[in-house]
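Participant: My structure is below; once you've seen it, I'll send some questions.
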Amino acid sequence: MKKTLIAALFAVAGLGTVQADTNSLGLDTDYRSATPSVESVLGYPIGSRISSPAAMYDYFNALQQAHPDQVKLFNYGETWEGRPLYYVAISSPENVATLGDFKEGMQALANPQRTSADEAQRLINELPASIWLSYGVHGNEISSPEAAMLTAWHLLAADDQATQDMLANTVVFIDPIQNPDGRSRFVSRYYMNTGMEHSADRISVEHNEPWPNGRSNHYLFDLNRDWIALTQPEVSGQVEELLETYPLIFVDLHEMGGDQTYYFTPEARPYNPLIAKSQRESLWTIGENNGRWFDEQGFDYFTREIFDAFYPGYGASWPLYHGTLAMTYEMASARGHKFRTEDGEILTYGDGVQRHFIASLATIETASNERKRLLQDFWNYRNQAIEEGKESDERYIVIDSKQDPAASKRLAGLLTQHGVQVQQSAESFEACGVDLSAGSYVIDTAQPAHFMVRTLLDEQVNMAPDFLAEQERLRSNNLPDQIYDVTAWSLPLMFNLEQQRCARLPRVELSQVSGELIAPGELTNPDAEVAFVAAWGDMNSGRLLTAALRDGLSVKQSDLAFTFKDGTRYPAGSLIFTRADNPDDLSSRLAELAIASGQGPRCRYQLDCRRSELRFKQCPTSACTTYRIGLG
Ligand SMILES: [Zn+2]
């Protein structure tokens, strides 16, 4: 077969742009001209310009149009600034035609409770492997989205047997740009600050991003820390898709400081102890194959030195707790077209694109070569998760909803969004040595998401003793520790909820909980003549306040706690909506707000509760309206 050099893709650069890397990657393949290249669609050679999110969307649509039998584009949401969130599935025509069956097959393997061992074996023999490549979660880590386009183009255009085998064996999911708003901010600012010649100088204006830089999304969330709270559409949308597809391998491709080289798995210590041994071993296998490809290219790289696997709320770690092999890749960033490193070399944007491309291909190859073993490991993992729960002295986790109905509802809904099965009791019962009210939430940890439950709900996740001892040694020598980032995240602690854990549960009527985060509130006594009062003190009352202010209602607040004649006690801060200060349709408007916010003003403000006992103050509108109502 004729050896075509992919270097051609990197060869040309327009006037005023840095020449992208022209080193040959030497891939042994021919390329089909029927596949549109970045240059034919966007007008510039790949690697010679930092593509805008809009251009990238055009490119992936062009690929789908050119190869409808091999590419399917799925939208999974919209950013705050209105940009599409999407991924593509790329595979052989046979696999793409049966994508629905593939997803059903993965759902069956993910749920051993409803899948027989024989059926699982059939699926393991027949299903393709799957890999999910997520690029550009940090908008100013620029080279990986470009590599997403190059990877997609290569998979579709290369006509060698090895690539065809990879596509027959593997469904490749590409999420080319997880944070389009952040990238857009970077790209427009960057080109606004460049001249005819790009500068490699790290103190040049083009290399100095002003605040806010492109890393975060529109509301300045670091999306790579939102995988536990799931507050942002870029993350929650992707989580929904991952729970549909259960990819066997997940890679999150980033950039780091420009003086580094390239990082891939295995991760640095500390490891989260809830990561399975088989997963850690497979991460080594993936790293070794990446190393082989990088060695062939003569690319520098390192493993295990930084980027630990402790916090579960990174994109590169969350999928681990469902049985996926998840990891991060990091490329030294040119943070523009070119960058002079500390040792005087020029690192280019094209260098980053090439390396992320090679790492992507190498990992797809591992998925393809290890297809059957990865499927078997995934099935084993989901079974092992159930067994771990069954054998645990803390098999059942119970959260009494009475301690804070709003917070416990939100936690239960959030866990459901994480793919955890949560149930709710219809009656009061006694378990774990305590009385629990009707409506309490029950999590049976003997479920395929056992490790996800544990890592989200355990109050303490330990680091290995020898690792901790080493950190103490470093501290005593006044040296920095080796922990990359977040070390605490327990959701019940964050929601201020107590949990009970025990081995057995009495027979109690339970129903499945949905992903809803808010239980609709109710306005009682709508004919109240003087006022409505809503108790202050939880998420619902905060939501009701902001919703009422947005709706133009007048809200008063009591500085002191007070008690009605009937004995109902209202804490300081309780909200008071008087008839006198509000429009005639107050009760119907409050009824609607109660449904949306979860908080119902429960009580008529009674005439015989003497006004002089209460002090009112007008709520400062400007200070109260910065919250979003019903934010998921
Ligand atoms: Zn990053």
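Participant: If you project the alpha carbons of segment 280-360 onto the principal axes, what extent comes out on each, in Å, largest first?
Facilitator: Largest to smallest, the principal-axis extents are 42, 28, 21 Å.
Participant: Which value in nm describes the separation of the simple spin-label points at ASP300 and GLU78, placed 7 Å from the Cα toward the beta carbon?
Facilitator: For the pair ASP300/GLU78, the computed spacing is 4.6 nm.
Participant: Pull out a ≥ b ≥ c, the square roots of the eigenvalues of the alpha-carbon gyration tensor of segment 214-292, then state rounded if a/c is under 1.5, prolate if not and a/b is larger than b/c, and oblate in the remaining case.
Facilitator: Values: a/c = 1.99, a/b = 1.29, b/c = 1.54.
Since a/c reaches 1.5 but b/c is at least a/b, the shape of segment 214-292 is classed as oblate.
Participant: Further, regarding this structure: Taking neighbour Cβ counts within 10 Å as the exposure measure, how do LYS390, LYS72 sort from fewest upward? All intermediate terms of the calculation are to be shown ahead of the outcome.
Facilitator: Numbers: LYS390 13, LYS72 18.
Sorted ascending by nearby Cβ count, the order is LYS390, LYS72.
Participant: Now a separate question. For TYR191 and LYS565, what does the FRET efficiency come to when R0 = 60 Å and r is the distance between their Cβ atoms, rounded to the nearest 0.05? All intermediate terms of the calculation are to be shown ahead of the outcome.
Facilitator: Working: r = 69 Å, r/R0 = 1.15.
Step by step, r from the Cβ atoms, then E = 0.30.
Participant: How many percent of Cα pairs in segment 54-135 exceed 22 Å?
Facilitator: Numbers: 1318 of 3321 pairs.
When every Cα pair of segment 54-135 is considered, 40 percent fall beyond 22 Å.
Participant: OK, next. Over what distance in Å are the Cα centres of segment 194-267 and segment 44-60 separated?
Facilitator: 17 Å
Participant: Let me ask something else. With viscosity set to 0.692 mPa s at 37 °C, what whole-number translational diffusion coefficient in µm²/s follows for the chain from Stokes-Einstein and a Kirkwood radius over Cα pairs? Intermediate values should be presented prior to the final figure.
Facilitator: Details: Rh = 27.0 Å.
Here the translational diffusion coefficient equals 122 µm²/s.
Participant: Please work out whether segment 410-459 counts as rounded, prolate or oblate from its C-alpha gyration tensor, where a ≥ b ≥ c are the square roots of the eigenvalues and a/c under 1.5 means rounded, while otherwise a/b larger than b/c means prolate and anything else oblate? Intermediate values should be presented prior to the final figure.
Facilitator: Working: a/c = 2.17, a/b = 1.66, b/c = 1.31.
Prolate is the answer for segment 410-459, as a/c is 1.5 or above and a/b outweighs b/c.
Participant: Charges only on Cβ, +1 for Lys and Arg, -1 for Asp and Glu: so what's the dipole of the chain about the Cα centre, in debye to the nearest 20? List each step's numbers first, then the result.
Facilitator: Details: 53 positive and 84 negative charges, 302 e Å.
For the chain, the charge dipole is close to 1460 debye.
Participant: Between GLU119 and ARG280, what is 0.36 nm times their sequence separation minus the Cα-Cα distance? Round to one decimal in nm.
Facilitator: Separation in residues times 0.36 nm, less the Cα-Cα distance, equals 55.2 nm.
Participant: Could you sort out which of LYS402/LYS556; LYS103/LYS372; LYS72/LYS409 sit more than 25 Å apart by Cα distance in this structure? Before the final figure, lay out each step's value.
Facilitator: Numbers: LYS402/LYS556 27 Å; LYS103/LYS372 16 Å; LYS72/LYS409 36 Å.
Pairs exceeding the cut-off: LYS402/LYS556; LYS72/LYS409.
Participant: In addition: With the Cα gyration tensor of segment 84-210 giving a ≥ b ≥ c as the square roots of its eigenvalues, does the rule (a/c under 1.5 for rounded; else a/b larger than b/c for prolate; else oblate) give rounded, prolate or oblate?
Facilitator: On the way: a/c = 3.91, a/b = 2.33, b/c = 1.68.
Prolate is the answer for segment 84-210, as a/c is 1.5 or above and a/b outweighs b/c.
Participant: How much length is gained on full extension from SER392 to ASN208, taking 0.36 nm per residue of separation minus their Cα-Cα distance?
Facilitator: On the way: separation 184, 0.36 × 184 = 66.24 nm, distance 5.26 nm.
Net length gain for the segment: 61.0 nm.
Participant: By how many nm would the segment from ASN525 to GLU104 lengthen if fully extended, with 0.36 nm per residue of separation less the alpha-carbon distance?
Facilitator: Numbers: separation 421, 0.36 × 421 = 151.56 nm, distance 4.90 nm.
Gain on extension, ASN525 to GLU104, equals 146.7 nm.
Participant: Provide Rg and Dmax in Å for segment 310-434, with only Cα atoms included in the calculation.
Facilitator: 22.8, 71
Participant: Can you tell me which aspartates and glutamates have their Cα less than 18 Å from the Cα of LYS565? Leave out same-chain residues fewer than eight positions away.
Facilitator: GLU529, ASP608, GLU613
Participant: With the cut-off at 18 Å, report for segment 495-542 the share of all Cα pairs above it, as a whole percent. Kindly include the intermediate steps, with their values, before the conclusion.
Facilitator: Numbers: 703 of 1128 pairs.
When all Cα pairs of segment 495-542 are counted, 62 percent exceed 18 Å.
Participant: Set Lys and Arg Cβ to +1 and Asp and Glu Cβ to -1, take the dipole of segment 264-394 about its Cα centre, and tell me which of LEU361, PHE299, HIS322 lies farthest positive.
Facilitator: LEU361
Participant: Another one. Within 10 Å of each residue's Cβ, count the other Cβ atoms and sort ARG292, ARG83 from fewest upward. Write out the running numbers ahead of the final one.
Facilitator: Working: ARG292 12, ARG83 20.
If I rank by nearby Cβ atoms, fewest first, I get ARG292, ARG83.
Participant: Calculate, in whole percent, how much of the Cα-Cα pair population of segment 313-382 lies beyond 15 Å.
Facilitator: Details: 1616 of 2415 pairs.
Result: 67 percent of Cα pairs exceed 15 Å.
Participant: From zero outward in steps of 10 Å, how is the percent of C-alpha pairs of segment 361-468 spread across the bins?
Facilitator: Result, from short to long distances: 13, 33, 29, 17, 7, 2 percent.
Participant: Based only on the alpha carbon positions, what is the Kirkwood hydrodynamic radius of segment 227-351, in angstrom? Walk me through the numbers on the way to the answer.
Facilitator: Working: mean 1/r = 0.0636 Å⁻¹.
Here the Kirkwood hydrodynamic radius works out to 15.7 Å.
Participant: Among ASN380, ALA438, ALA55, whose Cα lies farthest out toward the positive end of the dipole of the chain, if unit charges sit on the beta carbon of Lys, Arg (+1) and Asp, Glu (-1)?
Facilitator: Selected residue: ALA438.
Participant: Compute the Kirkwood hydrodynamic radius of segment 377-419, taking the inverse of the mean of 1/r over all pairs of distinct Cα atoms, and give it in Å to one decimal. Please report the intermediate quantities before stating the final value.
Facilitator: Values: mean 1/r = 0.0807 Å⁻¹.
For segment 377-419, the Kirkwood estimate is 12.4 Å.
Participant: Then there is this: Report the charge-dipole magnitude of segment 451-584 in Debye, nearest 20, computed about the Cα centre from +1 at each Lys and Arg Cβ and -1 at each Asp and Glu Cβ. Mind dumping the intermediate values first?
Facilitator: Values: 12 positive and 19 negative charges, 49 e Å.
Here the size comes out at about 240 debye.
Only the coordinates and a few stated rules stand behind these numbers; no lab work does. Values in this document were obtained by computation on a predicted structure and should not be read as measured data. Every residue, glycine as well, gets a Cβ built from its backbone with ideal geometry; the counts of neighbours run over all protein chains shown.
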